[in-house]
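Take a look at the structure below.
Since every read-out is calculated from the coordinates, none of them should be taken as a lab result. Because the structure is predicted, anything quoted here is derived from the model rather than measured. Cβ placement follows ideal geometry from the backbone for every residue including glycine, while neighbour counts extend to all protein chains displayed.
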Amino acid sequence: MGYNDLMKQETINKIKELNERIKQLPKGYISIKNIGGNIYYYHQWSENGKKNSKYVNGQELYDLDILIKKRQLLEQQLKLLKKGFQSSELLYCSLMHLNNQVVDLTISFETGRIHTIGDVYLKELLPIGVKDIKSLLDWWNDRSIPLTRSGIRDALDKLNISDPKVLLLKCFGLSLSDQYWIKPKDENISWEDINFFENDFSEDLGTILLNGNKRKKELNLSSPDSTSVGNLKKRWKIINNKRVMMKGGSNPYRQEPFNEVVASEIASILGLDSVQYSFFDDGDYPYSKCEDFINNSQDLVTAYQINKVLKKNNNDSAYSHFVKCAHHLGIENVEDYLDKLIVFDFIIANEDRHFNNFGFIRDAITLKFIGPSPIFDSGASFGFDKLTFDIKPFKDIVSKPFKEKPLEQLKLVKSFKWLSIDKLNILKERIKPLFLQFESKYLDKERITAISDSLIARVDFLIKNYL
């Protein structure tokens with residue numbers, strides 16, 4: 001009997017075991033009723049077509065709630081097991097962090113989706129924000145290229161692949177942002193053998209994703225491009241032994257690559273830690289490029305993951321909830337970092353600082369947080385998608401992630417002491433020359449003037465009202 005047959009028999013046995021365990025646990029749910037201003041709890045369930053109800057309180061209520069939730073969890077596991085067993089072939093594997101086995105999984109070869117979740121070996125190594133089955137499924141799904149990526153559907157057609165998550169199986173789920181990967185049960189490999197920080201990777205997938213060209217019949221799809229998120233066309237390349245991200249822009253102005261370069265220069269002027277971007281043109285379209293800022297002993301933990309650590313209270317704002325979550329993880333100087341990020345985004349009119357576009361860096365070995373990531377992904381700024389005559393200091397600009405209006409988000413800043421008027425005046429002088437170096441068919445002088453005048457107006461607003 002081969003390994004897959006053994007695993008199928010193991011799945012059958014697991015289904016039987018789960019059915020037996022579920023039978024031993026109470027059905028139904030707990031309802032809450034307000035009668036005469038008093039709160040009462042009732043166990044509600046159906047049996048043999050008849051609805052039943054029983055009043056519960058005290059220790060009985062507490063114990064019953066635990067048992068019902070346990071039944072619901074086992075029923076969810078059973079549903080996934082049955083679905084996986086009835087589907088096409090499954091990959092039996094473990095989610096790994098470096099060389100540490102974290103949790104057993106089965107994944108569909110056809111869809112790339114997780115079908116079953118097995119034993120958890122190291123709970124502390126689960127990705128941050130993963131607390132249950134659903135959040136692990138979400139984490140895995142979010143690890144793949146989104147279907148909203150420009151050109152992804154054409155690329156999938158060329159590759160004869162139905163879902164971007166299938167590509168995760170081609171590269172062991174490896175990323176250049178963290179140290180997680182999947183290890184097939186029947187393969188004797190280690191993280192050192194395959195990680196993309198130290199080992200070469202194929203450029204076949206990147207070529208298709210960026211240019212839409214399938215130049216070879218036999219493709220090697222082992223690439224970190226399978227785990228690059230975001231909607232713009234992008235790819236990873238190895239240049240002078242450095243891992244370099246190359247990213248395009250969106251129609252009609254394709255302004256994002258120019259914005260990335262200028263935004264990183266602005267950060268330098270203001271003394272902020274930022275990924276350094278440079279520009280290149282392949283003859284057809286403009287692109288930005290930057291080196292990977294994560295190394296082989298670090299994890300980038302996005303604000304999106306951090307935001308899931310605690311349940312949000314109704315009276316907490318988006319800002320206060322995030323700060324609570326970060327403090328819960330032992331991250332220091334959170335508010336100082338957010339002050340700088342909010343002001344920076346206000347200056348450049350960034351409209352896409354969502355929770356996956358900033359984060360904190362964790363030591364992958366000690367699991368201690370090192371500090372905030374350098375500022376990255378600032379391309380959706382400077383009126384990137386607006387008509388030139390609509391580029392104004394404050395007109396139709398939305399902000400993220402805490403408030404929708406930039407002026408409202410700016411009020412969240414605790415301190416401006418770090419911000420120098422002298423540096424802001426230098427920025428006002430340099431902003432137009434920074435953009436003029438990229439004057440082109442995408443970025444003409446009139447547009448550059450509108451961008452520069454708008455930024456200067458926002459800087460003047462900061463100086464007048466906050467400094």
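Projecting label points 7 angstrom from Cα along Cα→Cβ for Ile12 and Leu73 puts them 2.9 nm apart. Placing pseudo-labels 7 Å out from each Cα toward the beta carbon at Lys158 and Glu60 gives an inter-label distance of 6.7 nm.
The calculated pair-distance distribution of the chain uses every alpha carbon pair, bins of 20 angstrom beginning at 0, and gives 21, 48, 26, 5 percent.
Measuring from centroid to centroid over Cα atoms, what is the spacing of region 231-259 and region 171-209 in Å? Result: 21 Å between the Cα centres. Backbone geometry of region 431-438 corresponds, through the Karplus equation with coefficients 6.51, -1.76 and 1.60 at θ = phi - 60°, to 3J(HN,Hα) couplings of 4, 5, x, 4, 7, 4, 5, 10 Hz, x marking Gly and Pro.
The phi-based Karplus calculation (6.51 cos²θ - 1.76 cosθ + 1.60; θ = phi - 60°) puts the 3J(HN,Hα) values of region 315-324 at 8, 8, 6, 4, 5, 5, 5, 4, 4, 4 Hz, whole numbers, x for Gly and Pro.
Loop-located GluC sites (Glu not before Pro) in region 331-429 (DSSP state other than H, G, I, E, B) with a sparse environment of at most 15 neighbouring Cβ atoms within 10 Å: Glu332, Glu404. Stretching Phe280 away from Asn465 to a fully extended chain increases their span by 62.8 nm, per 0.36 nm per residue minus the current alpha-carbon distance. Close amide H contacts of Gln255 (hydrogens built in the peptide plane, cut-off under 5 Å, sequence separation of 5 or more or a different chain): Ser250. Against the main long axis of the alpha-carbon atoms of the chain, helix 445-466 sits at an angle near 80°. Partners of Lys54 within straight-line reach, counting lysines whose Cα lies under 20 Å from its Cα and excluding those fewer than 8 residues away in the same chain: Lys23, Lys27, Lys33, Lys69, Lys70. Only sites in a loop by DSSP and with at most 16 other Cβ atoms within 10 Å count here; which GluC sites (Glu not before Pro) in region 179-246 make the cut? Here the sparse-neighbourhood loop sites are Glu187, Glu198, Glu203, Glu218. Each residue of region 300-313 was assigned a 3J(HN,Hα) from its phi angle through the Karplus curve 6.51 cos²θ - 1.76 cosθ + 1.60 (θ = phi - 60°); the sequence is 7, 9, 6, 4, 4, 5, 4, 5, 8, 5, 10, 6, 6, 6 Hz, with glycine and proline shown as x. Under the simplified labelling scheme, the Asp193-Ile35 pair shows an inter-label distance of 6.5 nm, with each label point 7 Å from Cα along Cα→Cβ.
Which of the trypsin sites (Lys or Arg not before Pro) found in region 303-364 are loop residues per DSSP with 14 or fewer other Cβ atoms within 10 Å of their Cβ? Numbers along the way, then the final one.
Details: sites: Lys308, Lys311, Lys312, Lys324, Lys340, Arg353, Arg362; in loops: Lys308, Lys311, Lys312, Arg353.
Passing both the DSSP loop test and the Cβ count: Lys311.
Can you give the relative contact order of the chain as a percent, counting alpha carbon pairs under 8 Å and 6+ residues apart? RCO, the chain: 10 percent.
A simple count of charges around Lys445, restricted to other residues whose Cβ falls under 11 Å of its Cβ and scoring Lys, Arg +1 and Asp, Glu -1, yields -1. A simple count of charges around Asp193, restricted to other residues whose Cβ falls under 13 Å of its Cβ and scoring Lys, Arg +1 and Asp, Glu -1, yields -3. The distance from the alpha carbon centre of region 14-48 to that of region 410-431 is 58 Å, rounded to a whole number.
The C-alpha atoms of the chain define a longest principal axis, and helix 256-270 lies at about 80 degrees to it.
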